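The values are calculated or read from the model by the stated rules, or taken from the named source; none is laboratory data. Everything numeric in this text was worked out from a predicted model, so none of it was measured. Cβ: placed from backbone, ideal geometry, glycine included. Neighbour counts: every protein chain shown. Each accessible area value is taken on the protein alone, full model and side chains, heavy atoms only, with ligands, DNA and RNA left out. Shrake-Rupley method; radii C 1.70, N 1.55, O 1.52, S 1.80 Å.
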Amino acid sequence: MRIRSLKRHVISAVDWNGQAILVAGLVFASVVCLRGLQAEETQQEPATATADLPVLQTVDGHFPFDVPDTLDQWESRAEQLRTRVAMATGLHPMLPRPPIQATIHSVVERDGFQVEKVYFESLPGHFVTGLLFRPAGESLSRGLNADGKRPGVLNPHGHGGRMMRNDADRMKSLIASGDEVYMESGSLPKLARCATLARMGCVAFIYDMVGYADSVQLSHAFAHRRHETREEEVVPAGSAPELFFSTSADARLQSILGLQTYNALRAFDFLASLEDVDPNRLAVTGGSGGGTQTILLGALEPRIVASFPNGMVSTSMQGGCACENACLLRIGTGNVELAALMAPKPMGMTAADDWTIEMMSDGYPELKQLYSMMGQPENVLCESLVQFKHNYNYVTRRIMYGWMNEHLGLGLETPIVETDFPAITDEEGAVWDGEHTAPTQRGPEHEKAILSWWDQQNEHLLADCLGQSATAKGFDETIRPALATLFDLSMPEASGVFVKFAESVEHPSGAMVASGVVVDRARRREIPIRKWIAKSAKPAASSATVLWVQATADDSTDEPEWSDAFAERLERSKTVVVIDIAAMPTDAEAGKQRTNPQPRRASAAFTFGYNRPLAATRCGDVLAVISAFQNPPGSVSLVAPAGSAAYSLAAAAIAGPFLEHAEINVNDFRFADLLHQDDEDFIPGIVKYGDVDALAAWRAPYALTIRGFSGKDWSNGKDWATTRAIYQARGASDQVQWP
């Protein structure tokens, strides 16, 4: 790339995205200097690499937390993680959260606290139900601030439900083991913690997870015991989503976990809105699946001042239920790092004889290191209770009470001792009754209603981000970080790639061709390439090296790219390097990508919640080759014939000024047309964030030619509308072509 051209591109980038892109431009300029000194073939031996895909990560893998070296690095990482969590839960951008209109009825009284029944719509027609615990009697004087308001503690309950009741035999065993103390109150351990929090002077709200107790519109078996895919879920990704777990729902990141997280946020909104609750003293605590919800709330809700996510902060098993998993959520991260998004605010937990058993040596030291780096080492706690199995038992609750007492400013004498009370009966705990009747819309009909509302909200929220009305501001604030998260890649550094060729041989055409590999050290990927040099070139041949993406295989030849179109390109360009994507193994049937064999877990989240989609891996392969041939910097063009649009468009966008030009044949490809999540091109969320149109717009303001669309016309303002709008917004309409 000519230096004059480079300067123009960097300046124009500054114009449309301010300081952040200025920094990127400076970084690019320094990389240019380094790349100018790099020979095309480096003699340094590469790290061990392979063309094979990495082993699929599963929910039962190892998820260590590598603490960044500096606070600035952590703050940058934390911002990326919050975007990932919001996207994975379908909440980027955040769905509307208008004031809650709740019905509170039927007081149940006990010594030191009272219980009221609550229901409200988190979204039109979908009800959240739960029990509200408040101080009573002698507890009324506790927890009050100068304005007479109390702390509020949200209690996501986890699997088993808020009304999970241990029978007499089970209680005898739990008392004998030291897990519980009281036969009555201990039989309902999730309500026991709410009761004690109320006796401490707090207002505690425990709400139903989807399918539990009075949450009856989607069944427990559907949300938490899903074993097989429904035939009706196999629909084009671009069709209106009607069922959870369907191709179209996953293409928009609409999931049970997302619904449950939105319900949790609305439950938090309800609690915070109560007149007797202090908005500056709001906390969350839950165990097991409720611990997962507590982690996610800590990432998404800045008003939380203290948390106690129990039983799920672990570098081991990450949550075995579909309600704890979503596409994108844990790619390159895990529950310990996600929990760390609370830092430096107070967060406590325990380790038990379950998947948290190693926390004291693997997870907690890293959290302590981060909190220390942030100057608040005392604000994180993990107590070892490995003598107990998976629990939120009396002993764990006692630790939590002390934590909340300290960090919610209750000022009570410690230790805080939980006392007995007559167990809440099923009738006393039921929200629906003769006067307050349960909703009748249920099952698939209710799924359709939820997803239709969700889709309509997204269309409204993304109106200034996609399509004819797209603005640079809307695109940059919402779509750009979303696409960056979906692909999770950057240009490899010059020192991070290695190129090696075998001896050149003469092709029957007279051209010389040499097979070789590019090694991406960081990703430990080995990408097969072939370098072609024309026997003779046209006088006006470009000096830029052309990178040709070969997406289709032909077992009858070693050079499947050879065709009239390729020969003509070689004559015009003199040097063409073929990126042989088709030759790289996928460990799947032709046209498909790998999925995790997860017994009893019929959800794409168990694959794409932990592993990058194949298209993102292939995008990284193309970027590695682009990086390897930056000599001189920017003197590379990308040509992608039909079959590679799913990843070549993204690679062109991420490469930015490292590519002089990109020419992509989309061949009428749309992610919206894909029928199943195991299609080789499927990327969760891509339809929500604009499909191929947004990927093309992502490349702006750099030169792009799009080919292969059937009679579609750029000038009609509808086809490729986002691309058109964003290139215009960048002042670069002349840089995109539809010949």
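Summary table
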| quantity | calculated |
| --- | --- |
| Neighbourhood charge, 9 Å Cβ-Cβ cut-off, centred on Ala306 and excluding it, Lys, Arg +1 and Asp, Glu -1 | +1 |
| Distance between modelled label sites at Lys389 and Ala146, nm, 7 Å Cα→Cβ extension | 5.1 |
| Surface accessible to a 1.4 Å probe, Ser141 within the full protein complex, Å² | 90 |
| Spatial separation of Cα centroids for segment 457-531 and segment 95-143, in angstrom | 51 |
| Two-decimal log10 I(q)/I(0) for segment 500-582, as the Debye equation yields it once each C-alpha is a single scatterer, q = 0.14, 0.15, 0.16 Å⁻¹ | -0.47, -0.53, -0.61 |
| Alpha-carbon spread of segment 469-540, three principal axes, descending order, Å | 52, 35, 19 |
| Accessible carbon and sulfur surface of segment 628-739 relative to its total accessible area, %, 1.4 Å | 44 |
| Per residue Cα convex hull volume in Å³ - calculated over segment 233-366 | 116 |
| Accessible area of segment 508-559 divided out per residue, in Å², using a probe of 1.4 angstrom | 51 |
| Cα-based equivalent ellipsoid of segment 464-616: semi-axis lengths in Å, sorted from largest, via gyration tensor | 35, 23, 16 |
| Segment 588-734: projected area of the alpha-carbon convex hull, averaged over directions, in nm² | 9.7 |
| Heavy-atom SASA rank of Leu243, Leu282 (probe 1.4 Å, accessible area, largest first) | Leu243, Leu282 |
| Per-bin percent of Cα-Cα distances, segment 89-138 [5 Å] | 5, 18, 19, 18, 14, 11, 8, 6, 2 |
| Mean shadow area of segment 368-503, taken as a quarter of the surface of its Cα convex hull (nm²) | 22.1 |
| Cα-Cα over 27 Å, subset of Lys368/Lys389; Lys117/Lys389; Lys190/Lys688; Lys535/Lys592; Lys500/Lys574; Lys172/Lys389 | Lys117/Lys389; Lys190/Lys688; Lys535/Lys592 |
| Test item: Cα-centred dipole of the chain, Lys/Arg +1 and Asp/Glu -1 on Cβ, debye | 1580 |
| Length added when fully stretched, Ala565-Gln80, from 0.36 nm per residue minus Cα-Cα | 170.4 nm |
| With DNA, RNA and ligands ignored, accessible area of Val305 (1.4 Å probe; Å², nearest 10) | 40 |
| Förster radius 30 Å - calculated FRET efficiency between Ser452 and Trp432, Cβ distance, rounded to 0.05 | 0.75 |
| Förster radius 60 Å - calculated FRET efficiency between Leu675 and Glu275 (Cβ-Cβ, nearest 0.05) | 0.70 |
| Segment 604-663 and segment 258-290: distance between their alpha carbon centers, rounded to Å | 42 |
| Whole-angstrom Cα spans of the chain along principal axes, big to small | 95, 50, 48 |
| For segment 426-530, alpha-carbon Rg relative to the globular expectation (2.2 N^0.38 Å, N residues) | 2.17 |
| Theoretical gain in end-to-end length, Ser490 to His62 [0.36 nm per residue, Cα-Cα removed] | 151.6 nm |
| Computed over the chain: relative contact order in percent, which uses C-alpha pairs under 8 Å that are six or more apart | 17 |
| Net lengthening on full extension, Phe501/His105 (0.36 nm per residue, minus Cα-Cα) | 134.9 nm |
| Share of pairwise Cα separations in segment 140-207, more than 18 Å, in percent | 47 |
| Accessible area of segment 405-474 divided out per residue, in Å², using a probe of 1.4 angstrom | 55 |
| Accessible area expressed per residue, segment 624-668, with surrounding protein chains retained (probe 1.4 Å, Å²) | 17 |
| Principal semi-axes in Å for segment 67-156 [√(5λ), Cα gyration tensor, largest first] | 36, 22, 11 |
| Candidate residues Tyr182, Tyr727, Tyr392: accessible-area rank, largest first, probe 1.4 Å | Tyr182, Tyr392, Tyr727 |
| Estimated FRET transfer efficiency (Thr425, Ser173; beta-carbon r; R0 35 Å; 0.05) | 0.95 |
